[in-house]
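Presented below is the structure to which this report refers.
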Amino acid sequence: MSEPQARNQNNGPMEEFVTVIIAGQLFGLPISRVQDVFMLKDMTEVPLAIPEIAGVLNLRGRIVTAIDMRERLGLPPRAEGETAMSVGIEMDRESFGLVIDRIGDVLHLPVNEFDENPVNLDPRWRKVTQAIFMLDNQLLVLLDVDRVLELGDREVAA
Amino acid sequence: MDDLLQEFLTETVESLDVVDVELVKFEQDPNNEEILANIFRLVHTIKGTCGFLGLPRLGSLAHAAETLMGKYRDGSPVTGDGVSLILETIDRLKEILEVLEEQQTEPDGTDDDLIALLDQMSLGDEAAATEPQSVAPDAEAAVAADIASGDMAEVDEPILDIVERELKPGEVSLDDLERAFHEAPGPDDFTAPEPETDIVTANDLQEPVEAATEPQAAPVAPEPAEKKSADKPVAEKRAVADRRQKERRTEAASKGSVKNQTIRVNVETLEQLMTMVSELVLTRNQLLEMVRKHDDSEFKGPLQRLSNVTAELQEGVMKTRMQPIGNAWQKLPRIVRDLSLSLDKKIDLEMIGAETELDRQVLELIKDPLTHMVRNSADHGLEANSDRVMLGKPEIGKITLSAYHEGGQIIIKIVDDGRGIDAEKLKSKILERGLASEDELDRMSEGQLQKFIFHPGFSMAKEVTAVSGRGVGMDVVRTNIELIGGTVDMTSSVGKGTSFTIKIPLTLAIVSALIIEVSGQRFAIPQLSVIELVRTHGEAGHTIEMINDTPVLRLRNKLLPLIYLNKQLSLKRSEEEVERAAGKEFVIVTQVGSQTFGVVVDSVFHTEEIVVKPMSNMLREITMFSGNTILGDGSVIMIIDPNGIAQNVAADAGAQAAVAGQEADSSGIDQPDPTTLLVFTAGSEQLKAVPLSLVTRLEEVDVTKIERSNGRDLVQYRGKLMPLVCLDGYDPENMAGKTTQPILVFTDDDRSMGLVVDEIVDIVEDRLVVEIQSEVPGILGSAVVRESATELIDVAHYLPMAFDDWLVRHDRKDGVNLQKNLNLLLVDDSAFFRNMLAPLLGSAGYHVTLAASGTEALALKERGIVFDLIVSDIEMPGMSGIEFAEKLKFDPDWGETPIIALSSHAEPEIIEQSREAGFHEYIGKFDREGLVETLREVRVGMEEAS
């Protein structure tokens, strides 16, 4: 979490975030990390995998591991018929898809207006949140993509 | 880096490796002209190229070595020291090459030491003998020269390890040799001639030495007559050399230039090619899938051709990745030779199956572990030669290295006929290192003990030698092998030797796989591990049978253990799927190592060439899968790893064995004892259970015989009226529609009660763990019995329903009228037994206090409470009954109190143990009559005493 603090001292720079909606909450993902956005189609469930892993799917010849963000954040599962989309992320030459409800806009945000995580934030959220940004009408939770993907044996390593 | 230099480096390093091997061979077989010629040619090439590239250090070293070899080639006697020196030179060349690769220039320094020695050797030992010190420029050389001169002194002695002949200063000038070789065919189209024994002539042998060596040399040289040419003039020798060259030329021509047909390809290019082919295979599969749907497609023909070509291309590219395992063994003869010298042991290294091919990546990775293991075998596997003779073994120790393919794996064995591993020594080493306690060791099998060899930091060597004994090694070996998905195993028998078996899977990028379905999901199983497919079908004789819930299949008079894939993958099968598959399952007979088992799946589709794509790191820990792949229809499926299944199966079996072991141990105080339960239903589908020991009989009564009196259902039973009790929530009207009614009869003393049930389901022996305590009266709680949630019925709740006074009766039929309510303490960790025995004891006229543990009981003692009797369970977690009794034995307050042991074990030792601990009596846990009777006896005794 030292990264945003470092930016705070740096006056004026802007960062771009893709906003996504998960269970009604607005989240922001650094646009630099987002490869693409795709619909979930023909996903294969992986038996014995941790619950956060929604499955694997073929995206233009690449095998993508889909992470259920609701499960990751401890949110209730998606109701039947609710739409789901996926945000493509790459890490360590592996492709991941973060399964979200809906995609929002791209926002330019001033880095020095980022707020630190409230101390009473759910530990599971705190772990994956790099900062909070106060929009006029709602709060935007800025996610740390690397932390989001710290799952399974990575988690142990971290 | 300069392309030319790069090329030179690659080629030279390879050549030097070959020289290494050839020299060792040559040392053992000094008369083999072919080997010598080969070495000579390689060194010569190196020398030549060095000159061309301007590498003076390398050039002059190679030149000096070449000169000495020229001597040998010319017939000078080959000495062990000479070979050692050349080997040393080769090591030096390699060192220089390494620096050259890093810095692209030769390192500073001088090789005068080596060159001087080589020159000296070439000039002849006579010179060395007379003036060794003056030639040697430094200490190292001096030492070597000492050795050289030392050998000279030994020349007269007939007992020498290696055929050794006196050599004379070279009669053929270096220039001549040089010229001869330049005239000879170049290295590229050069093919070594057949062995020409006539050429190796024992030239210029001094008579006495010849006489001494004759007996040894004679059997090797097939034409002893040639020896007569010993004193032939130089000119004639040259003629021989000329003839040789001529022969070589013709042979080279006739054999054709096979070596010309290989080219060097960058590994990266190959890898890329492999990836492309993988993609091509995928695309072809997709096309095939599409065309399959259209019966009369015009694409069918061309696609078939495309398919065939792709398959061939794939095979071809795969071949480029394959290399003989011999490449990884190349350095071993040299290593063993050096070891043999430094350890002063004669070692015979046999290599079998060097041509066995495996993926080059895998090859690279096993090189080092193999070297290490061979080194280990040579160093502390084999005994010293003299020891071997004493033991009646052949003097020369043997290490056999073999490789072969088996079921998609490569098996590499390293076997020595040395001392083996002494289990006792191993144990003391393990203890010394604190890796296990003595107790644990005693329980271990030999196999388990031997596994410690692979423990980090473990070494069996008595002392650290330069070669091994530092304890870095076998664990690294194991780790490296496991990294590439292999396994390593060891067996050893004392005095006979040790054998290591390494199994490495041929992890190739493309495999043929069987596509199967289970619980509606598709998976791929690599075809390599599939032996056959069996369809279960009652009529055909292939039926899945059960042995105590373990599914097996009779297959050609053998029992095949079966594994349900859906269970292994924790996949639920829907009712419909179960029904559809019932009796029509497919069994995939699979072999993993020596283990054969059947994997039961719902359906089998077809085989498909799949491209193994590595799984995400997040999924790596799932051992059931080895990777994933994209099928022809574009969907992703997981590839089942048969090793993973086998491991799971073995792990399950191991866990069961462990449980069984614990049972046998009889020390399983943390495990509740198995209880035989009667499982039944009454009123609802919900399974209910009571301990069978409480039930006197199971009866079916005629419904018409049930009488209603005073608001109670009664039935005549053995001449008495027995009240029938319904479980809470059970509608007595249920009985109306039936002709007979099953009941459970509970009898205590002369009174019986019938508990109305619907159906007796089963009698099950299971470890009873009450998982959820119940708040509802009449139910003790819920437990999992045979994998179903089952309610445990509190019989004590129903007994008073039958007889209001069941629990408060004081009068007994025996003469002793026990007016006084005695205080009894019941100590038992099981709530079930406390609840079961409390009413029983209460009904026998005791005032019962309950304690769930010895500690709890002792707490009561602290509070000053005194009991007349104590009944305690033996097996309890924490403080056992025995410990509890021992604590009380000399207690001022409770020491006199009779204490009765309660246990389900009836082993004499345990009974004896409990008596020693201070228990007065010992009673089986389910022997209610016995308990009551014993208590009564104790009471009578007490009253009589008072």
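The values are calculated or read from the model by the stated rules, or taken from the named source; none is laboratory data. Predicted model only: the values in this text are computed from it and were never measured. Note that each Cβ is placed from the backbone with ideal geometry, even for glycine, and that neighbours are counted across all protein chains shown. Each accessible area value is taken on the protein alone, full model and side chains, heavy atoms only, with ligands, DNA and RNA left out. Shrake-Rupley method; radii C 1.70, N 1.55, O 1.52, S 1.80 Å.
Details
- Surface exposure of chain A, expressed per residue as accessible area with a 1.4 Å probe, stands at 51 Å².
- The solvent-accessible area of B:ARG264, taken with every protein chain present and a 1.4 Å probe, is close to 110 Å².
- B:TRP329, A:TRP125, reordered so the largest accessible area comes first (probe 1.4 Å): A:TRP125, B:TRP329
- Angstrom value of the Kirkwood radius, inverse mean 1/r, which spans all Cα pairs in segment B:512-653: 15.5
- Report summary: the helix-based calculation at 222 nm, which adds -39500 (n - 2.57) for every DSSP H run with n ≥ 4 and divides by the residues of chain A, gives -3500 deg cm²/dmol.
- Fully extended contour minus Cα-Cα distance, from B:ALA423 to B:GLU364, at 0.36 nm per residue: 17.9 nm
- Just so you know, the Cα atoms of chain A work out to an Rg and Dmax of 15.6, 49 Å.
- To the nearest 10, the accessible area of B:MET942 is 60 Å² with a 1.4 Å probe.
- Taking every Cα-Cα distance in segment B:3-78 and sorting them into 10 Å bins from zero, the calculated P(r) comes out as 20, 50, 24, 5, 0 percent.
- Restricting the calculation to alpha carbons of segment B:358-454 gives Rg and Dmax of 16.7, 46 angstrom.
- Inter-chain shielding of B:616-629 (mean C-beta neighbours from other protein chains, 10 Å cut-off): 6
- Each chain gives up part of its surface: A and B jointly bury about 1800 Å² of accessible area, both sides summed, for a 1.4 Å probe.
- Where A:ASP42, B:ASP417 fall by accessible area, highest first, once all protein chains stay in place (1.4 Å): A:ASP42, B:ASP417
- When the Cα positions of B:MET624, B:GLN591, B:MET546 are compared along the charge dipole of segment B:512-653, B:GLN591 comes out farthest toward the positive end, with charges on each C-beta of Lys, Arg, Asp and Glu.
- Anisotropy class of segment B:325-505 from Cα gyration tensor, a/c 1.5 cut: oblate
- Paramagnetic reach from B:THR10 (point 7 Å along Cα→Cβ, amide N under 13 Å) across segment B:88-118: none
- A probe of 1.4 angstrom, applied to the heavy atoms of all protein chains, finds A:PHE114 with accessible area near 20 square angstrom.
- Across segment B:262-273, computed HN-Hα scalar couplings (Karplus, 6.51 cos²θ - 1.76 cosθ + 1.60, θ = phi - 60°) run 9, 10, 8, 10, 4, 4, 4, 4, 4, 4, 5, 4 Hz from first to last residue, x flagging Gly and Pro.
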